[in-house]
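These notes are about the structure you will find just below.
The values are calculated or read from the model by the stated rules, or taken from the named source; none is laboratory data. It should be emphasised that the depicted structure is a prediction, and the values quoted were computed from it without experimental measurement. Note that each Cβ is placed from the backbone with ideal geometry, even for glycine, and that neighbours are counted across all protein chains shown.
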Amino acid sequence: MALRFYNTLTQQVQEFVPADGKTVRMYTCGPTVYNFVHIGNLRTFTFQDLLRRWLRASGFALNHVMNITDVEDKIIRSATAAGQTIQEYTKPYEEAFLEDCATLRFEKPERIVRATEHIPEMADLIQKLSDKGMTYTSDGSVYYRISQFKEYGKLSHNDFAGMRAGARVDVDEYDKDDARDFVLWKMKKEGEPSWQTAIGDGRPGWHIECSAMAMKYLGDTLDIHAGGVDLVFPHHENEIAQSEAVTGKPFSRFWLHSEHLIVEGQKMSKSLGNFYTLRDLMALGYQPEIIRYLLTQVPYRNKLNFTMDGLKAAATAIDRLRNYKLRLETDKYPVGANGEIEKRIVQAKLDFIGSMDDDLNTAGALAAVFELIRDTNTAMDVGQFFEDNRASALAFLKTFDSVFDVLEVTAVEGSLSDADIDTLVAERTAAKKAKDFAGADRLRNELLEKGIVLEDTKEGVRWKRK
Ligand code: AMP
Ligand code: ZN
């Protein structure tokens, strides 16, 4: 079965192919850089990384744009309180975000774009909306008149027939489910940053930013627009209203939304204060790949309940995967191939691909991996796994890891590389052969101090990181 996604717009699972059959034009809403992102935010970005990787695994090229919201009410408030410009204030948070993305092994979008570098494009779009009679001005600020856009509500599937005509909202924070004319352009205020543009002196609202940047780089109709579920309304609904009123074309063919990461039943959020950052968890000794695993294992449209036990279970799962890989790489097997095992591996691969194609069902994909591990481990224990089965089992693990990317150990500063370890292990083996047992023990201890455990097996020495 072909690749398919649940589309929030149609409320259906639909087969996905990019419009031109080759390159996926995708826009994802990036962070508002007024603070460190927490692992709830990172769940959404992990989903987007998985989405990217699976689209590529499906044979498509990518043109993916992610924005950085670096002008917005909270940013202005915080920068003012800190006595800084918004650039000074946001820079370290943007850097920290990009660092977190690299730590969690996210592929880089083809473009990362800042709102503050696209103000003229936003002004231009607002002008076009005004030319079409979609806006009005009040106290110098420009608002979108949503009663003029007949399809308003089509993404969030809300019926806004009874909305309060003329009720306005000019902040970037909203009450849920309350549709109101939203601000496109805010008139310059004393003490706030502003830009001089063709439509006057002021600053943009939040929603116009994504419409302007998405269409600038990706054209009138995107293949995929994605974000967290809290962005469906009003942010994405407003993006549709802005873009489609100008182009008369669908803004995005597919809309994908990831569910929240929750803590004790509540959404992890900055405002509730119930959050952990990636740095918090790493300081507790959890490697980034453990956190990545935790964030990928629950399919993106299900809520993910964050617990410390969940983190520990993720660490155990990764150990299991790594031990299996080590066994495949270092065990000696009888010559030949077991046809049944080959078939079993082909089946696991089909199950893995089938699950990922099914709206990125990561839980199903992981189950395919672990069932194969169980079955082949059993076969190994009873001598039914053969030398010629090794390559296909390793190839399957590689397919798995090209998407989940958790097998490689994150290098800790001052730690040994694989090649360094191999050299020390070889030296120790040589020392033992030369009956220099003290030397061999010293090398073993040296490795142990650096977190490397040696295991003498009948096939030779194996090592693993603690
Ligand atoms: P923000 O920086 O607040 O604009 O959020 C960046 C992204 O994180 C958006 O796509 C949000 O939908 C998403 N997000 C915020 N909180 C959570 C959460 N607890 N779980 C998953 N995604 C979240
Ligand atoms: Zn956006």
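Summary table
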item	result
So residue 221, is it in contact (Cβ under 8 Å) with a residue 24 or more places away in the chain, away from ligand 2 (no atom under 16 Å from the Cβ) and within 24 Å of the chain's Cα centre (by Cα)	yes
Residue count, the stretch 193-206 (criterion: closer than 20 Å to residue 128 by Cβ, of a type outside the set (D, E, K, R) and more than 16 Å from ligand 1 (Cβ to nearest atom))	7
Restricting the stretch 381-393 to residues that are of a type in the set (A, V, I, L, M, F, W, C) and surrounded by 15 or more Cβ atoms within 10 Å (Cβ to Cβ), the residue that is farthest from residue 323 (Cα to Cα)	386
Residue under evaluation residue 278, criteria (1) touching a strand residue (DSSP E or B) at 6+ places or on another chain (Cβ under 6 Å); (2) more than 16 Å from residue 156 (Cβ to Cβ), criterion not met	(1)
Residue ranges of strands (runs of 3 or more DSSP E) in the stretch 98-166 with at least 3 members within 33 Å of the chain's Cα centre (by Cα)	111-114
Test: residue 259 is surrounded by fewer than 24 Cβ atoms within 10 Å (Cβ to Cβ), more than 16 Å from ligand 2 (Cβ to nearest atom) and modelled with pLDDT under 95	no
Per-region count, the stretch 214-230, residues buried (at least 24 other Cβ atoms within 10 Å of the Cβ) and farther than 21 Å from residue 16 by Cα	0
In the stretch 181-213, residue surrounded by the fewest Cβ atoms within 10 Å (Cβ to Cβ) [restricted to those that are touching a Ser or Thr at 6+ places or on another chain (Cβ under 7 Å) and aromatic (Phe, Trp, Tyr)]	206
Near pairs, Cβ below 9 angstrom, 6+ apart or cross-chain, from the stretch 444-466 (in contact (Cβ under 8 Å) with a residue 60 or more places away in the chain and of a type in the set (Asp, Glu)) to any residue that is outside any loop (DSSP other than H, G, I, E, B) and surrounded by 10 or more Cβ atoms within 10 Å (Cβ to Cβ)	459/330
Residue list for the stretch 33-45, filter: closer than 25 Å to residue 238 by Cα and either modelled with pLDDT of 95 or more or away from ligand 2 (no atom under 16 Å from the Cβ) (or both)	33, 35, 37, 40, 41, 42, 43, 44, 45
Pair list, Cβ under 6 Å, 6 or more apart: the stretch 135-155 residue touching a residue at least 60 places away in the same chain (Cβ under 8 Å), other residue among the hydrophobic types (A, V, I, L, M, F, W, C) and part of a loop (DSSP other than H, G, I, E, B)	148/134; 152/160; 153/160; 155/9
Near pairs, Cβ below 6 angstrom, 6+ apart or cross-chain, from the stretch 65-92 (within 24 Å of residue 27 (Cβ to Cβ)) to any residue that is among the aromatic types (Phe, Trp, Tyr)	65/27; 65/217; 72/206; 74/34; 75/34
Among the candidates 209, 239, 190, residue that is without any contact (Cβ under 8 Å) to a residue 60 or more places away in the chain and either touching a Pro at 6+ places or on another chain (Cβ under 6 Å) or within 16 Å of ligand 1 (Cβ to nearest atom) (or both)	239
Condition check for residue 131: in contact with a helix residue (DSSP H, G or I) (Cβ under 7 Å, 6 or more places away or on another chain) and either crowded, with 20+ Cβ neighbours inside 10 Å or without any contact (Cβ under 8 Å) to a residue 24 or more places away in the chain (or both)	no
Qualifying positions in the stretch 1-50 - in contact (Cβ under 8 Å) with a residue 60 or more places away in the chain and among the aromatic types (Phe, Trp, Tyr)	5, 6, 16, 27, 36, 45, 47
Single residue of the stretch 263-285 satisfying the filter (within 9 Å of ligand 1 (Cβ to nearest atom) and in contact with a helix residue (DSSP H, G or I) (Cβ under 8 Å, 6 or more places away or on another chain)) that is farthest from residue 149 (Cα to Cα)	275
